[in-house]
Every structure is written in C-alpha cells, then in structure tokens.
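K.L.:
For reference, the structure I am asking about is given below.
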Amino acid sequence: MKKLLGLLVSVLFLNGCDDGKLTVDTINFDDVAANACGEIIYKLNNNEALFVKIPTSENAFANQPTLPNAPTKIEIGGSVIMKYRFYNGKVSSDNICSLPAPISPSATEEWSASAGTIEITTTAVYSAANATTGALKISKYNHHIIIKNLVFAKPDGTNQKYESFNFGDYLTDATTLPLNFDPILVAQCTATPTIYNARNSGIESLVLENADADLIQNTGTVTKSISATTNKLVYRLYNTALPNTLSDYFCGTTPASPTIKEEWIATDGTIEVVNTTAGGFVHTITLKKVTFKKDNSTFYYGDAVIYGVLLTN
C-alpha cells in the first residue's frame, strides 16, 4: 500500500513539472507588500509576480478616502491591465518596471486578465497621537484593492475565475502639512474681521475669517464656537512662498499668487481668548479640540493649541 501511495505522489509531481516549468493552479500574494513604479502596482513573491497597470488619468489612488460602501471602480480592459507571471528564477522589480526587462529570469507562464472590476477602498492612516496635545495627523493613505469577477486567460486556453480576488493593500504618502506656527506672529487686519498667523515667505497660513466682533476684549475670557460662517478657521498650504508684506495678502483682495495647494476648513472646536493688560492689551488665543476637513479627509489639531498672542492698544 505504501509503495502504491509513493508511486501516485511521484506521478502527480511529474505531471506538475515540465522541464523546470511549474503548472500553476492558484495564486496567493496575501502576505506580500505592494510597491509601485509609474502606473504599475506590483507584488513579488520569489519566482512570481502579480501586477495591475492603471493609467494616471483614472485617478485610482488619490489621497482621498472613499465613502462607506462606495469604492472606486475601474473595469479591466484596454489600457487597464492585470497580469500574473511565473519566472524561472527569483524575480525583481526590474522585471516589471524596466524596459527592456532583464533577460534573466524569464517568464515561463503568464496569465492575462480578460475581465474584472477593480474596486479600491481608500482610508486615511494616522500617525501616533501627539503626547502633549493629542493631535492626530494623516501620514499615509491605504488603498485596499479587490477585483470582482476576475477572469484570467491562461496559456493552455482555459480560464481561471475568481468571484472576489484580494490583491491587497497599497500605501501612498500623505502631503506633509508643516503646521508650524509661531504665536507671536499672529496679526489682525484693521479693515476686515480677519486674524491670521503666517510667516514672511512661508508656505502655510492659519486664518480666522469673519471673526466675531466681541472676540477681542480688553479684559476677561471670551469663548466662541468655530463655524462655517462666523469664526471660520481655515488652514492653507501654498504651492509657492507667501509675500513678505503679509497684511497686503490677507487683509485686501487676495492676489492670484501664491496659489493654494491644499485648503482645510475647521468643522468643530472652540476659540478661547484670555484678555489681560501689560502696558497695552494682551490677547492669548487658544484653539481647543479643533478638527479640520478637506473633502473626505480629516485631522485633529489638538486638545488645546495656542494660536497666537495678539497685542493691541
């Protein structure tokens, strides 16, 4: 009986190999991290490679969380391709990303996707909370890729079908927001209800637009809620540097340059102003429990962050 079992195993093994070529029945890259080169997202696993190529015009991996149960959907076909390859040696990124590809190792088997819907669910990945303020910043975006009703055309003329194929996760870096404001740089416009904090030749600003008329007092403590109209708090990141004369930029008609790279608007939180005297009047402005939002992305500014120390006469 043992001899018979051994013979059967040998026959199965021989049928699975053909002059060093492996007959592939299933593919599994669950534990492999995804990388990218250009429009290609790929996974490598020893002698195997799996990749999708999606044109940049599809905006498939935008740093923008998708809504619940509403993934980005892209049909395979035309310039959207997906392939699986088995090589006769350990594969590297050069085999996928370089043109021409290295002579060795060479692909001994290739499956090409003939149909399927790529579904991408994007979520924000946050860095560890700031130990002092509790602030939470977005560090990356995770794009979870599933292909529904996937059909691979195999070289033997048959098809390999998957109702739901888990390609896995692909990470992209979030835009770095410096959020580096000096409290002594806060200033107030004289002709408009605007308070701003920015640096000469800096690339970011934090602006309180349409500030409440009784926010700045001579004495006492004033607390106001942030809203979309009165006390509207806006963070902006610019493509190029701000001018040296900041009052001209923030207190008049906004110039065309610098252009805005990202704009985040506070959706909740409070403004606390402690008003004291020291020769003139000193107004210490603190932002409490502020959350900023841009499209579907949000970040938490912190439990209590000093926005500025404003001096008036």
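K.L.:
Exactly one condition in (1) assigned to a strand (DSSP E or B); (2) among the hydrophobic types (A, V, I, L, M, F, W, C); (3) touching a Gly at 6+ places or on another chain (Cβ under 7 Å) is false for PHE152; which is it?
P.N.:
(3) is the only condition that PHE152 fails.
K.L.:
Follow-up question, since we're still on this one. Listed residues VAL207, VAL222; which is part of a strand (DSSP E or B) and in contact with a helix residue (DSSP H, G or I) (Cβ under 7 Å, 6 or more places away or on another chain)?
P.N.:
VAL207
K.L.:
Looking for something of a type in the set (D, E, K, R), farther than 30 Å from ILE41 by Cα, part of a strand (DSSP E or B) and at pLDDT 95 or above - is there at least one such residue anywhere in region 188-199?
P.N.:
No.
K.L.:
Please find, among ALA129, ALA135, the residue that is buried (at least 17 other Cβ atoms within 10 Å of the Cβ) and in contact with a strand residue (DSSP E or B) (Cβ under 6 Å, 6 or more places away or on another chain).
P.N.:
ALA135
K.L.:
Limited to region 190-216, what total is found for residues that are over 20 Å from PRO255 (Cα atoms) and either in contact with an Asp or Glu (Cβ under 9 Å, 6 or more places away or on another chain) or surrounded by 13 or more Cβ atoms within 10 Å (Cβ to Cβ) (or both)?
P.N.:
The first filter runs over region 190-216 and keeps only residues over 20 Å from PRO255 (Cα atoms), leaving 211-216.
If we keep only those that are either in contact with an Asp or Glu (Cβ under 9 Å, 6 or more places away or on another chain) or surrounded by 13 or more Cβ atoms within 10 Å (Cβ to Cβ) (or both) as well, we get 211-212, 215-216.
Selection size over region 190-216: 4.
K.L.:
May I pose another question? Just to verify a result, which residue in region 275-308, among those that are surrounded by 15 or more Cβ atoms within 10 Å (Cβ to Cβ) and either farther than 22 Å from GLY134 by Cα or modelled with pLDDT under 95 (or both), is nearest to the chain's Cα centre (by Cα)?
P.N.:
Of everything passing the filter in region 275-308, HIS283 is nearest to the chain's Cα centre (by Cα).
K.L.:
So, in region 51-88, exactly how many residues are at positive phi and in contact (Cβ under 8 Å) with a residue 24 or more places away in the chain?
P.N.:
Number satisfying all stated conditions: 1.
K.L.:
Any residue that is more than 29 Å from ILE27 (Cα to Cα) and surrounded by fewer than 18 Cβ atoms within 10 Å (Cβ to Cβ) - is there at least one of those in region 139-154?
P.N.:
Applying the first criterion (more than 29 Å from ILE27 (Cα to Cα)) to region 139-154 yields 139.
Pick out the ones that are also surrounded by fewer than 18 Cβ atoms within 10 Å (Cβ to Cβ) and you get 139.
Yes, because at least one residue in region 139-154 is more than 29 Å from ILE27 (Cα to Cα) and surrounded by fewer than 18 Cβ atoms within 10 Å (Cβ to Cβ).
K.L.:
Taking ILE120, is it surrounded by 18 or more Cβ atoms within 10 Å (Cβ to Cβ) and in contact with a helix residue (DSSP H, G or I) (Cβ under 6 Å, 6 or more places away or on another chain)? Before you say what the answer is, go through the steps one by one.
P.N.:
On the way: surrounded by 18 or more Cβ atoms within 10 Å (Cβ to Cβ): yes; in contact with a helix residue (DSSP H, G or I) (Cβ under 6 Å, 6 or more places away or on another chain): no.
Here the answer is no, as ILE120 does not meet what is asked.
K.L.:
Within the bounds of region 194-201, is there any residue that is under 28 Å from ASN313 (Cα atoms) and of a type in the set (A, V, I, L, M)?
P.N.:
yes
K.L.:
Something else: For region 156-168, check the following and say yes or no: at least one residue is exposed (fewer than 15 other Cβ atoms within 10 Å of the Cβ) and either hydrophobic (A, V, I, L, M, F, W, C) or in the same structural domain as THR291 (by TED's automatic domain parsing) (or both).
P.N.:
no
K.L.:
Within region 101-117, can you find the residues that are of a type in the set (Asp, Glu) and surrounded by 17 or more Cβ atoms within 10 Å (Cβ to Cβ)? Steps first, answer last, please.
P.N.:
Filtering region 101-117 down to residues of a type in the set (Asp, Glu) leaves 109-110.
If the condition is that a residue be of a type in the set (Asp, Glu) and surrounded by 17 or more Cβ atoms within 10 Å (Cβ to Cβ), then GLU109 is the only one that fits.
K.L.:
Would you point out the residue of region 225-236, among those that are in a loop (DSSP other than H, G, I, E, B) and of a type outside the set (S, T, N, Q), that is surrounded by the most Cβ atoms within 10 Å (Cβ to Cβ)? Walk me through how you get there before you give the answer.
P.N.:
Initially, region 225-236 is screened for residues in a loop (DSSP other than H, G, I, E, B), giving 226-231.
If we keep only those that are of a type outside the set (S, T, N, Q) as well, we get 226, 228.
Numbers: ILE226: 21, ALA228: 11.
Ranking the candidates gives ILE226 first.
Rundown of residues vs (1) among the polar types (S, T, N, Q); (2) closer than 18 Å to PHE61 by Cα, yes/no style:
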| position | (1), (2) |
| --- | --- |
| SER79 | yes, yes |
| VAL91 | no, no |
| SER104 | yes, no |
| THR117 | yes, yes |
| ALA131 | no, no |
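K.L.:
Kindly evaluate ASN239 against the criterion of being under 22 Å from ASN200 (Cβ atoms), touching a strand residue (DSSP E or B) at 6+ places or on another chain (Cβ under 8 Å) and loosely packed, with under 12 Cβ neighbours inside 10 Å.
P.N.:
yes
K.L.:
Being among the hydrophobic types (A, V, I, L, M, F, W, C) and assigned to a strand (DSSP E or B) is the filter; apply it to region 245-274 and report the residue that is nearest to the chain's Cα centre (by Cα).
P.N.:
Here the answer is TRP264.
K.L.:
Take the residues in region 47-64 that are surrounded by 18 or more Cβ atoms within 10 Å (Cβ to Cβ) and not polar (S, T, N, Q), then tell me which one is nearest to the chain's Cα centre (by Cα).
P.N.:
Ranking the qualifying residues of region 47-64, first place goes to PHE61.
K.L.:
Turning to a different aspect of this structure: Tell me whether region 83-104 contains one or more residues that are at pLDDT 95 or above, acidic (Asp, Glu) and within 25 Å of THR158 (Cα to Cα).
P.N.:
Within region 83-104 (the criterion being at pLDDT 95 or above, acidic (Asp, Glu) and within 25 Å of THR158 (Cα to Cα)), the answer is no, since none of the residues qualifies.
The values are calculated or read from the model by the stated rules, or taken from the named source; none is laboratory data. Because the structure is a prediction, the values reported are computed rather than measured. For neighbour counting, all protein chains shown are included, and Cβ atoms are generated from backbone atoms with ideal geometry for every residue, glycine included.
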